[in-house]
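Accompanying notes for the structure given below.
The values are calculated or read from the model by the stated rules, or taken from the named source; none is laboratory data. Small disclaimer: the values here were computed from a predicted structure and weren't measured. Positions of Cβ are backbone-derived with ideal geometry, glycine not excepted, and every protein chain shown enters the neighbour counts.
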Number of protein chains: 2
Amino acid sequence: TMNACRKTILVAGGAGYIGSHTVVELLNAGHRVVVVDNLSNSQENLSLVFFFNLEGAINGRNLILVTKNVCDLERLNLVFDSYNIDVVFDFSGRKAVGESTLLPMLYYKYNINGTMNLLKCMRQHEVRDILFSSSCTVYGAPDQEALPIKEDDSVGCCQCPYAKCKYFVECLLSDLATGEPDYWRIMVMRYFNPVGAHESGLIGEDPKGDPLNLLPKLAQVATGKRPILDVYGEDYSTVDGSPIRDYVHVMDVATAHLRAVKHFQDISGIEIYNIGTGEGKSTWDMVKAFEAACGKPIPFRVCQRRPGDVPAIYCDPSKAERELGWKAGRSLKQMCEDLWRFYVLNPNGYDESI
Amino acid sequence: TMNACRKTILVAGGAGYIGSHTVVELLNAGHRVVVVDNLSNSQENLSLVFFFNLEGAINGRNLILVTKNVCDLERLNLVFDSYNIDVVFDFSGRKAVGESTLLPMLYYKYNINGTMNLLKCMRQHEVRDILFSSSCTVYGAPDQEALPIKEDDSVGCCQCPYAKCKYFVECLLSDLATGEPDYWRIMVMRYFNPVGAHESGLIGEDPKGDPLNLLPKLAQVATGKRPILDVYGEDYSTVDGSPIRDYVHVMDVATAHLRAVKHFQDISGIEIYNIGTGEGKSTWDMVKAFEAACGKPIPFRVCQRRPGDVPAIYCDPSKAERELGWKAGRSLKQMCEDLWRFYVLNPNGYDESI
């Protein structure tokens, strides 16, 4: 029955982009969710609250929102004292690659300490199950011959503090698992390029400042907030000359986490999973799909390549399929349509809805 | 004049092995030293106090001992408030490779946070100059063809949490320097195998528990505390079949730090230095030198190789010679004689002198 499988899941950073979409899936599946989030990306955070207010999808008792920073160990311990936590999902930390280069201390401080505090509280409260949100950026610039990337390919040659911190936490988790393999049940998810939004259009991603990623930029051009799409390089050695990435629908990512809840019982120590579709799509593929979704042509200009951009990166997600029974099923079309719906409903991001 | 060059140097971990020998050199050169050390390796710590009491080498006003943990940010800030710090030497953190594998959280917590707190206080108090104690372990198991190791050879393939934390802090420092190259003046010292003791025999290294390193083991056999020396492998592809390491006298290491004080003014961003002799010496070389120093034969038995041991590792220290004007001058003979003097004067380590 549902109740036997019902878990209490502490979701650190549960009001962020991937976190909030995951929380929706966890609640829909009947789990109890304790979100710990300091609302530092408040636009995204509030969305979660709005979503549940508007939809009435959940019973208030199933969702607890603790507006604290995971770096506050004392408060975090109180959360563990107050709720009988079974599982920790760690989406905490800052996530802007560019910002991380400008303000490295912020990243080394918050993106490592938050997770360490969670682990400390877990050990103290005899919680064993943690899923850590990592990133394909830990692979650095992979050898193009070695694609698709597998979980045991080499990592650590990261180029920005954001990616280095992800790598460091992976090392810490791996060392913990080595030290106490019978205690810890750790999953690391390396996301490739999560895009799209919840199909309701009520929650999505509203990046602050100048977004670096293709899809938010496409949406900004389509809504008139950005005059033109800059395409960085059209002479890569790829099928159509533009860079190839592994875009994956954020709701597929959320589903992977739902599968993970049941999978902890089969883990001993640590397991790492690539979370992507396994299919590389080009910039032009995405532009075309987005034009179809929004019904407008997207003006673009071709610029110079950006330093550090690789021609292609996409993963082998077969381990996740084999062990979690998970496969990303949503198409490029769905990613674009769902993202566009979010932008149509929230033309000024979350600012307007407040 | 001396006074114009006199600096106030905060030495974190200044009561440890390399720290205490460096403090002696700094004081002898007329600098003011603020040691911040929580005395967690109290045997070594107290030695420093004894040394100065016995020798009367310094005026009490030149040495301040703050028995606090650098991980206590509030207290550390008070130290920066109280003394006009010019330079920070960071020897803080735990240093047992074996322990780090058993208790990784301790290392990830203390060996990263202490340095981050120092950097935070420095930024707040407009201190720019920091020297960080790293280790040759960041090079992992180097390609034997690539010896001697240079500073820009690849790092990060470390095998234990101790080494990984050194690597992480190096990354953090490098990212800080990238973010604010006009602010920071950072030196990273990668020590090879520091051995020996102060020529007075009053301070040295008194490793707790079972020492992993060759020289303390040799001394234990010579004093009768250990029945026999275990030699791990005699069939390496080296000149005499035993492993080759780059042993460097701890007082040479201390001198490198003294040179560094003057060199900060020439640094912009970050510079990394190998601290070794550049000469590989074999286990048998060291056994012979130690037998000569202590005047006794050292019984030994040959055991299996230890996993992870490389045949040879030694550095190219020419960058330090070129830029710091530093070269390790003390011989294997001096390393062994000075270490032996320390053991003769302190047959039970520091325990007896307390």
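Residue B:156 passes all but one of (1) facing another protein chain (nearest Cβ under 10 Å); (2) closer than 30 Å to residue B:82 by Cα; (3) touching a Gly at 6+ places or on another chain (Cβ under 8 Å); (4) modelled with pLDDT under 95; which number fails?
(2)
In the range A:81-95, what residues are more than 14 Å from residue A:166 (Cα to Cα) and either in contact (Cβ under 8 Å) with a residue 24 or more places away in the chain or of a type in the set (D, E, K, R) (or both)?
A:81, A:83, A:84, A:85, A:86, A:87, A:88, A:89, listed by residue number.
Has the range B:272-281 got any residue that is out of contact with any Phe, Trp or Tyr (no Cβ under 6 Å at 6 or more places or on another chain), of a type in the set (A, V, I, L, M) and surrounded by fewer than 17 Cβ atoms within 10 Å (Cβ to Cβ)? Don't jump to the end; show me each part of the working.
Initial filter on the range B:272-281 (out of contact with any Phe, Trp or Tyr (no Cβ under 6 Å at 6 or more places or on another chain)): B:272-274, B:277-279.
Remaining after also requiring of a type in the set (A, V, I, L, M): B:272.
This time we only want the ones that are surrounded by fewer than 17 Cβ atoms within 10 Å (Cβ to Cβ), so: none.
Looking for residues that are out of contact with any Phe, Trp or Tyr (no Cβ under 6 Å at 6 or more places or on another chain), of a type in the set (A, V, I, L, M) and surrounded by fewer than 17 Cβ atoms within 10 Å (Cβ to Cβ), one finds none in the range B:272-281, hence no.
Tally up the residues in the range A:96-121 that are away from chain B (no Cβ under 11 Å) and either aliphatic (A, V, I, L, M) or without any contact (Cβ under 8 Å) to a residue 24 or more places away in the chain (or both), please.
Selection size over the range A:96-121: 3.
I'm trying to understand the selection: among the residues of the range B:220-230, which are in contact with a Pro (Cβ under 9 Å, 6 or more places away or on another chain) and in contact (Cβ under 8 Å) with a residue 40 or more places away in the chain?
Passing the criteria: B:221, B:223, B:227, B:228, B:229.
Give the number of residues within the range A:61-80 that are in contact (Cβ under 8 Å) with a residue 40 or more places away in the chain, over 22 Å from the mean Cα position of the chain (by Cα) and more than 23 Å from residue A:110 (Cβ to Cβ).
Qualifying residue count, the range A:61-80: 0.
When the residues of the range A:105-117 are filtered to those that are in contact with a helix residue (DSSP H, G or I) (Cβ under 7 Å, 6 or more places away or on another chain) and among the aliphatic types (A, V, I, L, M), which remaining residue is nearest to residue A:74 (Cα to Cα)? So that I can check it myself, show each step before the final result.
As a first pass, look at the range A:105-117 and keep what is in contact with a helix residue (DSSP H, G or I) (Cβ under 7 Å, 6 or more places away or on another chain): A:105, A:107-109, A:111-112, A:115-117.
Pick out the ones that are also among the aliphatic types (A, V, I, L, M) and you get A:105, A:112, A:116.
Details: A:105: 22, A:112: 17, A:116: 13 Å.
My answer is A:116.
Per-residue answers, yes or no, for (1) basic (Lys, Arg); (2) closer than 23 Å to residue A:343 by Cβ:
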| residue | (1), (2) |
| --- | --- |
| A:213 | no, yes |
| A:228 | no, yes |
| A:250 | no, yes |
| A:258 | no, no |
| A:273 | no, no |
| A:291 | no, yes |
| A:295 | no, yes |
| A:301 | yes, yes |
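Residue A:225: basic (Lys, Arg) and assigned to a helix (DSSP H, G or I), yes or no? Spell out the reasoning first.
Values: basic (Lys, Arg): yes; assigned to a helix (DSSP H, G or I): no.
When the stated conditions are applied, residue A:225 does not pass them.
Conditions first: (1) at pLDDT below 95; (2) within 12 Å of chain A (Cβ to nearest Cβ). Residue B:93 passes all but one, so which condition is the exception?
So residue B:93 meets the others, but not (2).
Pick from B:138, B:127, B:79, B:88: which is away from every other protein chain (no Cβ under 14 Å), over 20 Å from residue B:263 (Cα atoms) and either crowded, with 23+ Cβ neighbours inside 10 Å or in contact with a helix residue (DSSP H, G or I) (Cβ under 9 Å, 6 or more places away or on another chain) (or both)?
Details: B:138 fails: away from every other protein chain (no Cβ under 14 Å); B:127 fails: over 20 Å from residue B:263 (Cα atoms); B:88 fails: over 20 Å from residue B:263 (Cα atoms).
On inspection, the qualifying residue turns out to be B:79.
Which number in (1) of a type outside the set (Phe, Trp, Tyr); (2) in contact (Cβ under 8 Å) with a residue 12 or more places away in the chain; (3) more than 14 Å from chain A (Cβ to nearest Cβ) marks the one condition that residue B:177 misses?
Among (1) of a type outside the set (Phe, Trp, Tyr); (2) in contact (Cβ under 8 Å) with a residue 12 or more places away in the chain; (3) more than 14 Å from chain A (Cβ to nearest Cβ), the lone unmet condition for residue B:177 is (3).
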